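Quick notes on the structure that follows.
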Amino acid sequence: MPAIHFLNEHTSLDVLPGTNLRKAALKSGIHLYAPLHRVFHLNLNLGPLKFPCGSDVIEVVDGKGINARTHTEEDVISGRWLMKRKVSPNHRLACQVVVNGDVTVKTRPKLEVDPRATKNRVAFLGVVGGFLLMMLAVLALIGLDLVKKL
């Protein structure tokens, strides 16, 4: 039977093979989320639309008995919106981990902000926002011109 060892909580859980790490941890009372994220986490699977939660990041210290990390999972961990974070190969989302062997994890690891990637993201969003404002101004002028002609 596989075991999950939580380093920060000094707890071990025996689980069945194929168990989701997030569900097992929450059932046993282990908090994977920071206090503010406990209220606002989102983990939806609506057919083709999937919204994995991004706040249950764990660090796998030791364990070969888990599934591989996907590219989507890496994108969610590194940051979806404005702030980009540095991601190591050991960082995983607990909601995406399927346990098939013994695993040792650290809950709520510290994630460093990647300043260069964040700066690039802010610059990109600034350019897109400026373009959208310019297009909105053009549409407003066209609308005003149409109103005058009527």
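What follows draws every value from the coordinates through simple rules; no lab data is involved. These figures come from a predicted structure and were not determined experimentally. Cβ sites come from the backbone with ideal geometry, for glycine too, and all protein chains shown count toward neighbours.
Need the full-extension length gain, Arg80 to Glu112, defined as separation in residues times 0.36 nm minus the C-alpha distance. One decimal, nm. Result: 10.0 nm gained on full extension.
Each Lys or Arg adds one and each Asp or Glu subtracts one; over the other residues with Cβ under 13 Å from the Cβ of Ser28, this totals +1.
Compactness of the chain, taken as the C-alpha radius of gyration over 2.2 N^0.38 Å, stands at 1.46. Relative contact order of the chain, taken over Cα pairs closer than 8 Å and 6 or more residues apart, is 29 percent.
Gain on full extension, evaluated as 0.36 nm per residue between Leu132 and His10 minus their Cα-Cα distance, stands at 38.8 nm. Estimated from the Cβ-Cβ distance and a Förster radius of 35 angstrom, the FRET efficiency linking Val98 and Asn120 is about 0.55. Of the trypsin sites (Lys or Arg not before Pro) found in the stretch 48-150, those in coil by DSSP whose Cβ has at most 15 other Cβ atoms within 10 Å are Lys64, Arg80, Lys86, Lys110.
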